[in-house]
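Peer 1: This is the structure I want to talk about, given as structure tokens.
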Amino acid sequence: MVGRISAHDNGSLLVEREQLTLRERTAGMLRKAIISHRFPPGTHLKERELCELLGVSRTSIREALRHLESEHLIKMVPHRGPVVVSLTAQDAHDLYQVRASLEGLAGELFAKNATAEHIAELQKTAEVMAISARNDDPEETLNIINKFFNILFEGSGNQVCTQFVHSLNTRISMFRRMTLVSEGRSKAMMDEIEEIVSAATAKDGARLKEACIAHVEGARAALIPQLTNSQPGVSGTGKTNSIT
């Protein structure tokens, strides 16, 4: 007979969690510094200097770095240690190919499954995004864009689709930040967002799917030239920056 686990065998298995762990907060600060390019591609992240900057122990730094490595934000270079990765045009092509499929599917499902509250929140977030874009505030705009698409995926009702895109969110955010500073991209982006909102309001699945894919393609077209023309920030033997 196969045994069964009961929550009553040894008391409750629920873990009380009131705040993020020190490792999670440390990883969050480093992640933010990488996405904002405070630590640009190629930066050598020295444990001792990070301890001083963040005011935490080496154990917390090492745990956070391992987590960021799993997110593909840093890589361990032999005889050098952790270095912020350089994202390539091929990385962008592969990621945006997957992103287009996921966001297109989310849009199609949103039209079918979203509540009136989801649609209203999407409309309101788009209005706030337009104001931020006019104010030329990339950091604020990036946060609002992330919120906008979180609403879209939540309203789709497909948790697996949502989980997949969340696993890519950090790298997507890095690319989004680059596209936001491209000349003319802000206006084009808002045109795309307006079409997404219009299709969502009409609950037109086919149109919303097409609008979401068009948005991804527009972002990809703005991004690829930047990556193609940029110099690699790190290689196995190349010179890297320092956080100091």
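The values are calculated or read from the model by the stated rules, or taken from the named source; none is laboratory data. The model shown is predicted, which means the values in this text are computed figures rather than measured ones. Methodologically, a virtual Cβ is constructed for each residue, glycine included, from the backbone with ideal geometry; neighbour enumeration extends over all protein chains shown.
Peer 1: Taking segment 206-223, which residues are surrounded by fewer than 17 Cβ atoms within 10 Å (Cβ to Cβ) and in contact (Cβ under 8 Å) with a residue 60 or more places away in the chain?
Peer 2: Across segment 206-223, the qualifying residues are ALA206, GLU217.
Residues checked against (1) under 20 Å from LEU87 (Cα atoms); (2) of a type outside the set (D, E, K, R); (3) crowded, with 17+ Cβ neighbours inside 10 Å:
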{"position": "GLU139", "(1), (2), (3)": "yes, no, no"}
{"position": "ASN143", "(1), (2), (3)": "no, yes, no"}
{"position": "PHE148", "(1), (2), (3)": "no, yes, yes"}
{"position": "ILE151", "(1), (2), (3)": "no, yes, yes"}
{"position": "GLN159", "(1), (2), (3)": "no, yes, no"}
{"position": "ARG176", "(1), (2), (3)": "yes, no, yes"}
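Peer 1: Turning to a different aspect of this structure: Within segment 21-29, is even one residue of a type outside the set (Phe, Trp, Tyr), without any contact (Cβ under 8 Å) to a residue 60 or more places away in the chain, closer than 23 Å to THR228 by Cα and not in a strand (DSSP E or B)? Break it down stepwise before answering.
Peer 2: Applying the first criterion (of a type outside the set (Phe, Trp, Tyr)) to segment 21-29 yields 21-29.
Narrowing further to those that are without any contact (Cβ under 8 Å) to a residue 60 or more places away in the chain: 21-29.
Applying the additional criterion that residues be closer than 23 Å to THR228 by Cα yields none.
No; the residues of segment 21-29 include none that is of a type outside the set (Phe, Trp, Tyr), without any contact (Cβ under 8 Å) to a residue 60 or more places away in the chain, closer than 23 Å to THR228 by Cα and not in a strand (DSSP E or B).
Peer 1: Let me ask something else. Output the number of residues of segment 206-233 satisfying the condition of being more than 22 Å from the chain's Cα centre (by Cα) and at pLDDT below 90. Give the derivation first.
Peer 2: First, the residues of segment 206-233 that are more than 22 Å from the chain's Cα centre (by Cα): 206-207, 229, 231.
Narrowing the set further to residues that are at pLDDT below 90 leaves 229, 231.
Of the residues in that region, 2 qualify.
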